[in-house]
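**Student:** Got a structure for you, written out below as structure tokens; questions coming shortly.
Bear in mind these aren't lab numbers, they're just calculated from the coordinates by the rules spelled out. Not measured: the values here are computed from a predicted model. Virtual Cβ from ideal backbone geometry, glycine too; neighbours counted across all protein chains shown.
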Amino acid sequence: MIIAVDGPAASGKGTIARALARHYKLPHLDTGLLYRAVGQTVLDRGGDPASETDALAACDFDDALLDDLRLKSGTVGNAASVVSAHPAVRAALIERQQRFANQPGGAVLDGRDIGTVIAPHADAKLFVRATSAVRARRRHEELVRSGGTISYDRVLADIKARDLRDSTRSAAPLKQADDAVLLDTSFLSIESAINHAIELVEGQLVKRPA
Ligand code: DC
């Protein structure tokens, strides 16, 4: 069984995808980490994320980087968003994601284009969203908790810029698949968002052709 979870930054899609993976005992892939690893590698090599040549060369990143805490930063998130707009970078990462999705037994993947491009045949698809103000508040609290001093307004501006870049790029833009169900987490606790997500997946599974 393949479950696709898409949505914008800080919508809660990662938390929901991890909870679904636990619930259904499936392996999980956070596909944003792959783009973050490319962004980090470009920065480490002194390259420019906007250069397709630099970004494509960075797709040979070392897998150990996927556990590096530096990937969580806002700077790397923005670099990831920039490198992910290059069609050649998306093409270089697609096979790895599709192999993960199509492994025996299935998987849960979260990202921006799982339901539309990586696994259009997924058994269940969620599109997770929340207002930009709520997402900025969550991200700001997270950054402050980990010792950051960035302002809420700056976080909100970053989130809006990232939404715009991710949803207006020509290659696999962030967009709800026609057959994905919408889950708005703006006013839900983490626990109720997870419970709703499980109900929505169950609802899609019973409608599957036998
Ligand atoms: O989910 P995230 O914030 O870790 O993703 C970082 C960036 O990577 C995001 O701004 C756009 C890009 N991304 C993508 O283009 N496609 C995906 N499937 C996942 C992430």
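**Student:** Hey, any hits in region 189-205 for a residue that's free of Cβ contacts under 8 Å to residues at least 24 places away in the same chain and under 18 Å from A9 (Cα atoms)?
**Tutor:** yes
**Student:** Would you confirm, using the coordinates I've provided, whether A37 is over 17 Å from I94 (Cα atoms) and not acidic (D, E)?
**Tutor:** So A37 does not fit the description; no.
**Student:** Considering only region 103-136, state which residues are surrounded by 22 or more Cβ atoms within 10 Å (Cβ to Cβ) and part of a loop (DSSP other than H, G, I, E, B).
**Tutor:** R112, D113, A119, A122, A130
**Student:** Can you name the residue in region 1-23 that is closer than 9 Å to V108 by Cα and in a helix (DSSP H, G or I) and is also nearest to the ligand (Cβ to nearest atom) among such residues?
**Tutor:** So the residue we want is A17.
**Student:** Can you give me the number of residues within region 137-161 that are surrounded by 13 or more Cβ atoms within 10 Å (Cβ to Cβ) and either of a type in the set (D, E) or in a helix (DSSP H, G or I) (or both)?
**Tutor:** 15
**Student:** In region 168-186, what residues are free of Cβ contacts under 8 Å to residues at least 24 places away in the same chain and over 26 Å from R208 (Cβ atoms)?
**Tutor:** Answer for region 168-186, where residues must be free of Cβ contacts under 8 Å to residues at least 24 places away in the same chain and over 26 Å from R208 (Cβ atoms): just T168.
**Student:** For region 23-35, does any single residue satisfy the condition of being surrounded by 18 or more Cβ atoms within 10 Å (Cβ to Cβ), without any contact (Cβ under 8 Å) to a residue 40 or more places away in the chain and touching a Lys or Arg at 6+ places or on another chain (Cβ under 9 Å)?
**Tutor:** no
**Student:** Let me ask something else. When you scan region 72-93, do you find a residue that is away from the ligand (no atom under 14 Å from the Cβ), surrounded by fewer than 20 Cβ atoms within 10 Å (Cβ to Cβ) and in a helix (DSSP H, G or I), even just one?
**Tutor:** no
**Student:** G7: within 23 Å of S170 (Cβ to Cβ), surrounded by fewer than 23 Cβ atoms within 10 Å (Cβ to Cβ), touching a residue at least 40 places away in the same chain (Cβ under 8 Å) and small (G, A, S), yes or no?
**Tutor:** No.
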